[in-house]
1. From the residues in segment B:160-196 that are among the hydroxyl-bearing types (Ser, Thr, Tyr) and either in contact with a helix residue (DSSP H, G or I) (Cβ under 8 Å, 6 or more places away or on another chain) or farther than 27 Å from A:GLY146 by Cα (or both), which one is modelled with the highest pLDDT?
2. Just checking, how many residues over segment A:87-101 are within 11 Å of another protein chain (Cβ to nearest Cβ) and farther than 17 Å from B:THR58 by Cβ?
3. For residues that are within 14 Å of another protein chain (Cβ to nearest Cβ) and of a type in the set (Ser, Thr, Tyr), scanning just segment A:133-180, find the one that is nearest to A:ALA241 (Cα to Cα).
4. Within the set of pairs 6 or more residues apart or between chains, which connect a residue that is within 17 Å of B:GLU109 (Cα to Cα) inside segment B:202-224 to a residue that is surrounded by 14 or more Cβ atoms within 10 Å (Cβ to Cβ) and among the basic types (Lys, Arg) with Cβ atoms less than 7 Å apart?
5. Check whether at least one residue in segment A:36-49 is in contact (Cβ under 8 Å) with a residue 40 or more places away in the chain and either in a strand (DSSP E or B) or closer than 18 Å to B:ASN154 by Cβ (or both), and report yes or no.
6. Could you tell me which numbered condition A:THR124 fails, if it satisfies all but one of (1) surrounded by 12 or more Cβ atoms within 10 Å (Cβ to Cβ); (2) at pLDDT below 80?
7. Here are some conditions: (1) in contact with a Gly (Cβ under 8 Å, 6 or more places away or on another chain); (2) more than 14 Å from chain B (Cβ to nearest Cβ). A:VAL122 meets all but one. Which one does it not meet?
Amino acid sequence: MRAGLCALLLLLVTLVNADEDVYPEVKVADPYIELHTGPGEGYPIVHVVDRGDFVEVIKRKTDWFKVRTAKGKIGWVSRIQMEKTLTPNGEVAEFADVGFGDFSKRRWEMGLVGGAFNGAPVMTVYGAYALGANLSAEISASQVTGDFSSSDLVNFNLLSQPFSKWRYSPFFTLGIGQITTSPSVTLIQVEDSQDLIAHMGIGIKMYLTRRFIFRAEYKNYVGFTSVDDNKEFEEWKAGFAFFF
Amino acid sequence: MEGRFRILFLTTILLGMCMLLVSSMAWSADVATSGDNDAVQQQVIQPQVERRTIDIDTIDTEDFAIAIFSGLYSAEDFGTNMVIGARVAYHVTERVFFEAAYAKTDTSETSYESLSGGAPLLSDNDRELTYYNASVGFNLLPGEAFIGKGWAFNTALYVIGGVGNTSFANDDRFTINFGAGYRFLATDWLAIHLDVRNHIFDTDLFGEKTTNNLEFTGGFSIFF
């Protein structure tokens, strides 16, 4: 019991000590910066820091920075104002954000898209890795929730993006996968069916903001079913993805 | 005899301490003078201002949050039961955030089942309801809450909506969810949530129909 208490105390002490970390300092270069009570433009301004004074930058939430003045006053400053501060060396402090420039240089991408697969709702989660500037490999998992049956799809595809530097960047895709269909329980019990599928598609990626992109696509699937004739599926999807 | 030994012992210790003190003072004085000399010499050669060069990239960003929540989920026709789940959120701007959630609840017997006393409509396994969804939230009314005179906490009333899937009675159903919530930030990194959601999906258990499934939950999230 006592050992536990001691450990807890030690932990608390280390936590408190961690709070007294050395934070980066910046110098106010604008006539003044405004300290809000919260990370948002509506929160009231409780302090201003004049030009030439230093503030410590404690943390960041979205586009707001929590700072501490030399007098120990704490408040939140917008990124727009922080960008007009200087480092102790006199350089302009760069609070560089992920921007459009990083869009064409992205390596990993993950997203969630939804739409219609042969008229039934479909949701897809995917991950992509850029093999080069214009080519990436994707793996995706989809769930189709139809009225009479639901299907799970796993797909692997290659995606070519000929104009990867454009804000609205079109793409073509080609891939193979597997579809597992299980009929709804209220109908007669039928075995799940598993088939190989191949697809080709066309779509567009649009850079939105920070790490986010919007993606819309059309895919045409051919299912090599165990019965003699092949099945064709059409799929329309749109959704959001982020890259890093 | 013993008293004399004690005095001798104490004197030795005292003497030792005195010697230690004197020698240490002499040494520190020596260090101080030599340090001063060094400083003077350095000052002559090159005046240097001490500067802290710290990378601004080291600033801790807290845009992600993980949450666990629990409450009541009212599955239409299948009673109201405890729900438990987890969420991950990413705050894009001060207004907008994305959220992914997964939760699980048990459902109870329908009124028909309990009244008729007949065979249950669903097996125990099929009675479990799970859902996942991805939603977009909007901090509609950000603000502050005050407790007494000395405490202020940041809060937000948000609206949220999205799409997902509900697995129930061995069937997967496309589900739309929407609702509102209240976020109370106890500290910068810990928030308490209250949420009300409606999950809408079609079911054909009793003939095709659209069900509204209300959910009330509370939970807390940790920003990192």
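1. Out of the qualifying residues, it is B:TYR182.
2. Adding up the residues that qualify gives 2.
3. Filtering segment A:133-180 for residues that are within 14 Å of another protein chain (Cβ to nearest Cβ) and of a type in the set (Ser, Thr, Tyr), the one nearest to A:ALA241 (Cα to Cα) comes out as A:SER142.
4. From residues that are within 17 Å of B:GLU109 (Cα to Cα), the pairs are B:THR203/B:ARG173.
5. Within segment A:36-49 (the criterion being in contact (Cβ under 8 Å) with a residue 40 or more places away in the chain and either in a strand (DSSP E or B) or closer than 18 Å to B:ASN154 by Cβ (or both)), the answer is yes, since at least one residue qualifies.
6. Evaluating A:THR124 over (1) surrounded by 12 or more Cβ atoms within 10 Å (Cβ to Cβ); (2) at pLDDT below 80 leaves (2) as the failure.
7. All conditions pass for A:VAL122, except number (2).
Here is a yes/no grid of residues against (1) touching a Gly at 6+ places or on another chain (Cβ under 8 Å); (2) assigned to a strand (DSSP E or B); (3) basic (Lys, Arg):
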| site | (1), (2), (3) |
| --- | --- |
| B:PHE97 | yes, yes, no |
| B:GLY118 | no, no, no |
| B:LEU121 | no, no, no |
| B:LEU129 | no, yes, no |
| B:VAL136 | yes, yes, no |
| B:GLU144 | yes, yes, no |
| B:PHE153 | no, yes, no |
| B:TYR158 | yes, yes, no |
| B:GLY162 | no, yes, no |
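The values are calculated or read from the model by the stated rules, or taken from the named source; none is laboratory data. It should be emphasised that the depicted structure is a prediction, and the values quoted were computed from it without experimental measurement. Heads up, the Cβs are rebuilt from the backbone with ideal geometry, glycines too, and the neighbour counts pull from every protein chain shown.
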